[in-house]
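The values are calculated or read from the model by the stated rules, or taken from the named source; none is laboratory data. Values in this document were obtained by computation on a predicted structure and should not be read as measured data. Glycine also receives a Cβ, built like all others from the backbone with ideal geometry; neighbour counts cover every protein chain displayed. For the accessible areas, the whole protein counts, side chains as well, though only heavy atoms, and no ligand, DNA or RNA atoms are used. Shrake-Rupley method; radii C 1.70, N 1.55, O 1.52, S 1.80 Å.
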Amino acid sequence: SLHLYNVPENLMVTNHACESIDDYWLDLNFVLVKQEGKQRVYSLTQHKWILPEDHTLESFVPIPDVDSLNRNLVAVMKKTGKKALFSLHSGDRLTDYLFDEVVDTLFADKYNPVKVAGKSGLYDVANKRFALQCDYNTISGYYVFDGDEYVVVTKSGKKGVYNLTDKKLVVAILNDDIDMRGGYVRIERSGNYAVYSLEYNRMVFDSPKSGV
């Protein structure tokens, strides 16, 4: 049978046999233990179990711009149908029980895509805030221009452009298709085409059915 043993403290950590012990995370100073059908996390630096036992461990997700390797991941924990994010460094809860879904890969290497009531948003774990509220059907097309971050947001099949830096829509959600490149937004709506300048924050070209 498998057991987890704490050598520095000469202590048997697990009271019952383990179904599995995953040492893949050793470089991040913790091990993942499956015991009695539940996954638990043991910290090799704090020599204790972290994360609450009455939750279900869903997945791990990375967070950006951290100052220590063992803070590079957070855990997605589920309780009573909702999910929250927990620190794998301290075991502390980082968010309220807000989410129906948390994607385990980062959007643009910076934001966690999340869903609430079927709507998509972006959560900035490093700064503990929503970068974009869960108001949209989809979020795509991340683009950076002149230091500002933009994404394409979709509602009811129509697309617009949201400035994550200034926290506002810059192109209304009225369009069939949108493409951002070279500091411009190419817009298609009902067979008509237009171009919006991100530098000047205004429409610079509007020619029906020109195919620009």
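The table that follows gives values for the structure above.
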| quantity | calculated |
| --- | --- |
| Kirkwood hydrodynamic radius (C-alpha pairs) into Stokes-Einstein, segment 91-212, 10 °C and 1.306 mPa s, D in µm²/s | 104 |
| For residue 47, solvent-accessible area (1.4 Å; no DNA, RNA or ligand), Å² | 60 |
| Across 78/159; 38/128; 79/158; 79/128, pairs whose alpha-carbon gap is larger than 26 Å | 78/159; 38/128; 79/158 |
| R0 of 25 Å, Cβ-Cβ distance residue 105-residue 177: FRET efficiency to nearest 0.05 | 0.50 |
| Viscosity 1.567 mPa s, temperature 4 °C, Stokes-Einstein D of segment 158-212 from Kirkwood C-alpha radius, µm²/s | 115 |
| Net dipole in debye of segment 72-170 [+1 Lys, Arg Cβ; -1 Asp, Glu Cβ; about Cα centre; nearest 20] | 440 |
| Solvent-accessible ranking of 101, 188, largest area first, probe 1.4 Å | 101, 188 |
| Distance between modelled label sites at residue 158 and residue 36, nm, 7 Å Cα→Cβ extension | 5.5 |
| Inter-site label distance for residue 195 and residue 167 at 7 Å from Cα along Cβ, in nm | 3.3 |
| Spin-label pair residue 138/residue 26, simplified geometry with 7 Å Cα→Cβ offset, distance in nm | 4.3 |
| Whole-angstrom gap from segment 32-61 to segment 141-212, using each part's C-alpha centre | 44 |
| Calculated FRET value between residue 45 and residue 93, using beta carbons and R₀ = 25 Å, to 0.05 | 0.85 |
